[in-house]
Amino acid sequence: MIKVKILSGVSGCGKSSYISSLNGDYSVCSTDSFIQEYAKHLKMTYAQAYQDIQKNGMFSHATKKFYNDIESCITNDIDFVVDRTNLSSEGRKSLIQNLRLVANNLNKELYIETIYFDTDPKLIKQRLIQREKETGKHIPDDVIHTQFNTFEPVKPEEGHDNLVIINEKAV
């Protein structure tokens, strides 16, 4: 059985740190990887690459790579993490349905766990400032505000097999 972890939380909530804690035991499927590769290839910052991709209507390429990576993991029986914000209930439900459809078509079984990061906004702000200093990856305050306002609580009927909630509060 292939283990899938779907991460859910606003930018800066701890998803990347969580992935690091998995010690490479899971492949990572992310649209961010496309943006990071694009930035590296063109010697841009993440923010510049994001703007360039947006300006040139290239997000469909990122999404296609994301789903190709997922299908490859399922085909090859590789456990994987879905590293996206996954803020809407309907979006998570649709993603889980698509994952199960791909698995069924390949005669594979999935165990899907949603990991929701309930992180204090002050801590997120601190992390985003630190991330920008270290990587140049800038996420504007209005984007984070929108993410908080659009997040919908994770529900059992979304179709996952297990839900884990990680609570982090600022000190």
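The values are calculated or read from the model by the stated rules, or taken from the named source; none is laboratory data. Model, not experiment: these values are computed from the prediction. Cβ atoms come from the backbone with ideal geometry, glycine included; neighbour counts cover every protein chain shown. For accessibility, only protein heavy atoms count, side chains too; no ligands or nucleic acids. Shrake-Rupley method; radii C 1.70, N 1.55, O 1.52, S 1.80 Å.
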Pairs LYS40/LYS125; LYS3/LYS108; LYS40/LYS93; LYS93/LYS125: which exceed 22 Å Cα-Cα?
-> LYS40/LYS125; LYS40/LYS93; LYS93/LYS125
Residue-averaged 222 nm ellipticity for the chain, from DSSP H runs of 4+ at -39500 (n - 2.57), nearest 500 = -16000 deg cm²/dmol
How much length is gained if the chain between GLU168 and THR146 is pulled fully straight, taking 0.36 nm per residue apart and subtracting their Cα-Cα distance, in nm to one decimal?
-> 5.9 nm
Determine the principal axes of the Cα atoms in the stretch 1-74, then give the extent along each, sorted from largest to smallest and rounded to whole angstroms.
-> 39, 26, 21
Residues of the stretch 1-139: accessible area per residue at 1.4 Å, in Å²?
-> 54
Take the Cβ-Cβ distance between LYS3 and LYS155 as r, set R0 to 25 Å, and report the resulting FRET efficiency rounded to the nearest 0.05.
-> 0.75
